[in-house]
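Okay, so here's the structure we're looking at.
The values are calculated or read from the model by the stated rules, or taken from the named source; none is laboratory data. Quick caveat: nothing in here was measured; it's all calculated off a predicted structure. All Cβ positions, even for glycine, are placed from backbone atoms using ideal geometry, and neighbour counts span all protein chains on display.
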Amino acid sequence: MAVAFIIISLLSLGFLGIDVPFPSTYILLWLTTNMMYAFLAVFWQRLAFLIYYANVHDKQTSIMDYLRKYAMFFFISLNYYVQQIFRYRQEFCVM
């Protein structure tokens, strides 16, 4: 988890060029990646679920697997849970 935190911190330093203070760059990075994942989920919702399950719920055996798990959990977990709510609400919508 520490390796994932370091890499996320280094990625978020890329937003320092637009005069955003360092701790706030986490939020900007998180929102940017969530928006990209949300755009993917609008067109291919099942693919978005598959990507989340493959990276978060599968068994991790190496450091890179754990890094991918925590990075994906940080970046796209909010969007995943929102998409789940939309998916189950569609079953109850009457058209």
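Just name the residue that is modelled with the lowest pLDDT out of those in segment 17-44 that are of a type outside the set (A, V, I, L, M) and within 14 Å of the chain's Cα centre (by Cα). Explain how you work it out, then say what you get.
So in segment 17-44, the residues of a type outside the set (A, V, I, L, M) come out as 17, 19, 21-26, 30, 32-34, 37, 39, 43-44.
If we keep only those that are within 14 Å of the chain's Cα centre (by Cα) as well, we get 26, 30, 32-34, 37, 39.
Values: Tyr26: 74, Trp30: 78, Thr32: 78, Thr33: 78, Asn34: 79, Tyr37: 80, Phe39: 84.
Within segment 17-44, the match that is modelled with the lowest pLDDT is Tyr26.
Would you pick out the residues in segment 32-68 that are of a type in the set (Phe, Trp, Tyr) and in a helix (DSSP H, G or I)? It would help to see each step written out before you state the result.
Within segment 32-68, the first condition is being of a type in the set (Phe, Trp, Tyr), and the residues that meet it are 37, 39, 43-44, 49, 52-53, 66.
If the condition is that a residue be of a type in the set (Phe, Trp, Tyr) and in a helix (DSSP H, G or I), then Tyr37, Phe39, Phe43, Phe49, Tyr52, Tyr53, Tyr66 are the ones that fit.
Residue-by-condition table, conditions (1) more than 16 Å from Val3 (Cβ to Cβ); (2) in contact with a strand residue (DSSP E or B) (Cβ under 6 Å, 6 or more places away or on another chain); (3) without any contact (Cβ under 8 Å) to a residue 12 or more places away in the chain; (4) small (Gly, Ala, Ser):
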position: Tyr37; (1), (2), (3), (4): yes, no, no, no
position: Arg46; (1), (2), (3), (4): yes, no, yes, no
position: Asn55; (1), (2), (3), (4): no, no, no, no
position: Ser62; (1), (2), (3), (4): no, no, yes, yes
position: Asp65; (1), (2), (3), (4): no, no, yes, no
position: Phe74; (1), (2), (3), (4): no, no, no, no
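Mind listing just one residue for me: the one in segment 10-46 that is among the small types (Gly, Ala, Ser) and over 15 Å from Ile76 (Cα atoms) and, of those, surrounded by the most Cβ atoms within 10 Å (Cβ to Cβ)? Can you show your working first?
First, pick out the residues of segment 10-46 that are among the small types (Gly, Ala, Ser): 12, 14, 17, 24, 38, 41.
With the extra rule that they be over 15 Å from Ile76 (Cα atoms), the set shrinks to 12, 14, 17, 24.
Values: Ser12: 20, Gly14: 11, Gly17: 7, Ser24: 11.
Only one residue fits best here, namely Ser12.
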